[in-house]
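To start, the structure under review is shown below, and the notes come after it.
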Amino acid sequence: MSQIECTLCNSKALLFEEIKQKKYYKCPECLSVLLHPAYYISNEEEKSRYEEHNNDVQDPNYQKFVSPIVTSIKQSFTPEHIGLDFGAGTGPVITKLLRDEGFNIDLYDPYFYNNPEKLTERYDYIACCEVIEHFHNPEKEFRLLRSLLKRGGVLFCMTEVYSEDIDFAKWYYNNDSTHVFFYHAQAFNWIKSNLNYSDAIITKRLVTLKA
């Protein structure tokens, strides 16, 4: 198949690379790269893959890894605000670090903290650390996240941002079988313009989307 529909912006994405017998497509509109859905692993395999992660919330290196999000939240919000750790995984280190300083933050993860009532509330900020590259339907998920934010709220995402100077075939980020969507900076501009966010700021691996 030479083209598929982009799962973010619905444009026709063209065949880009074939790596380890998997086909990846590049979108001409949002400039992102996406894996063909035929190569998605099952929910059971995905959960098992996450359970293999060594996400010890006491690990100083793990704490340092998430520090861009934690620091940004602490700079912009106070313990009086309400937050959500979306896609918290097996080791919710962001929640641990913020709660240690008195912050009020809830947990949601479809596999490990499947509390659907948390998706009916509104939040001042949402943290998504190494989550958005797993979205099978990013348009739907970013609409959901926007609906959970209060007016003036902020969505903090950490991910590797794809650019044309990256050799995609050799890029470590596509080695993870659960990574299915690789965002170009233009994708976040598209999200801002089309999904009712007021601003999109990219600082290295930290993407900040404002309601």
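Each reported figure results from applying straightforward, stated rules to the coordinates on display, with no laboratory input. Bear in mind that the values here come from a model prediction, so they are computed numbers and not experimental data. Note that we place each Cβ from the backbone using ideal geometry, even for glycine, and neighbour counts take in every protein chain shown.
Miscellaneous remarks
- Exposed-loop-free span, longest in the chain, where trypsin sites (Lys or Arg not before Pro) count as exposed if DSSP calls them loop and at most 13 other C-beta atoms lie within 10 Å: 21-121
- FRET efficiency, 1/(1 + (r/R0)^6) with R0 22 Å, evaluated for residue 21 and residue 185 via beta carbons: 0.15
- 0 to 90° range, to nearest 10: angle between helix 138-148 axis and the chain longest Cα axis: 20
- CD proxy at 222 nm, helix term only [per DSSP H run n ≥ 4: -39500 (n - 2.57); per residue of the chain; nearest 500]: -7000 deg cm²/dmol
- Length-normalised contact order of the chain in % [C-alpha pairs under 8 Å, at least 6 apart]: 19
- Degrees separating the helix 67-76 axis from the principal Cα axis of the chain, which is the longest one: 50
- Debye, to nearest 20: dipole size of the chain, +1 on Lys, Arg Cβ, -1 on Asp, Glu Cβ: 580
- Shape analysis of the range 1-107 places it in the prolate category; the axes a ≥ b ≥ c from the Cα gyration tensor give an a/c of at least 1.5, with a/b above b/c.
- Principal axis dimensions, the chain - Cα atoms, whole angstrom, descending: 51, 37, 32
- Equivalent ellipsoid semi-axes, the range 82-199, via Cα gyration tensor eigenvalues times 5, rooted, Å: 25, 18, 13
- Gained length - residue 205 relative to residue 67, 0.36 nm times residue gap less alpha-carbon distance: 48.5 nm
- Between 0 and 90°, nearest 10: helix 185-194 axis offset from the chain longest Cα axis: 70
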